[in-house]
Each structure stands twice: as structure tokens, then as C-alpha cells.
């Protein structure tokens, strides 16, 4: 059985679409919160006041979340250091899931799991990361 010559290109395009979508999501989440970063961080600290996490830690971590989301988002959109961006996003998702478990927001944990599945799929198939800075956009290159 021979493979359709478009199969490889379709896999590369699919990888790029999902990678960029995750990047836009991460960057967008950060950008809409940055103008009122203090309110976001204070709100997070307040939300976690009934948990084992100290308020000042949550406040600082909320700011870190915004910065990580922005950096990871940009990296994914550009296809730069994609593997490390995905690992960073995975680590962020784990920490966010832990926080939501403390708050007993299990529906939100389920949503985070969907993102984690997308990150995992992209990590499984990084060989198809063709349309990004890492691959050099080479038209003769057959995958990253």
C-alpha cells in the first residue's frame, strides 16, 4: 500500500495548526490579563485564601503564570524551540491542575486535561514540526 504524497504535508500542516492554536491561546490569555495584572494576581490570591497555599505565593505565581503564558505562546506561534515550549506548557498545566484540585474545581481540571492531551500529541509528533523557525521553513525539508 503506497502512501499518498500529501500525507506528509497534511501531517505537517495539522501539527502547525494545532501548535499555532495553542500558542494563540496561551499568548491571548496573557495579553488580556496583563493590563490589569494586579487585579488578576490579587483575585487569584483571594481565590486560594482557603487553601494550603499562602497568599503572597499565589500572588507572585499568578504574575509568573502570565509571563510563562506569553513566552510559551510566542514560542509556539513562531515554532521556535517547540519541544521546550510544549514541555513548559505541560509543566504549567500540571501546576494549574494542582491549584484547581485544591479549589475542587474538577470541571476546570477536565478542561486542563484537554490542553494536556493536545500538548502530549504535539510532543509525540514533533517530527512533523515543519512550518516554524526550528525547521528553517525549507521547502526541500521533509519534516522537522
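The values are calculated or read from the model by the stated rules, or taken from the named source; none is laboratory data. These numbers were taken from a predicted model, which means no experiment stands behind them. A quick note on method: Cβ atoms are made from the backbone with ideal geometry, for glycine too, and the neighbour counts reach across all protein chains shown.
Any idea which of 94, 52, 77, 117 is closer than 19 Å to residue 14 by Cα, modelled with pLDDT of 95 or more and either touching a strand residue (DSSP E or B) at 6+ places or on another chain (Cβ under 7 Å) or exposed (fewer than 14 other Cβ atoms within 10 Å of the Cβ) (or both)?
Of 94, 52, 77, 117, the one residue that is closer than 19 Å to residue 14 by Cα, modelled with pLDDT of 95 or more and either touching a strand residue (DSSP E or B) at 6+ places or on another chain (Cβ under 7 Å) or exposed (fewer than 14 other Cβ atoms within 10 Å of the Cβ) (or both) is 117.
For segment 73-96, what are the residues that are under 16 Å from residue 129 (Cβ atoms) and without any contact (Cβ under 8 Å) to a residue 12 or more places away in the chain?
Across segment 73-96, the qualifying residue is only 84.
Taking segment 97-110, which residues are surrounded by 14 or more Cβ atoms within 10 Å (Cβ to Cβ) and either free of Cβ contacts under 8 Å to residues at least 24 places away in the same chain or in contact with a helix residue (DSSP H, G or I) (Cβ under 6 Å, 6 or more places away or on another chain) (or both)?
97, 100, 101, 105, 108, 109
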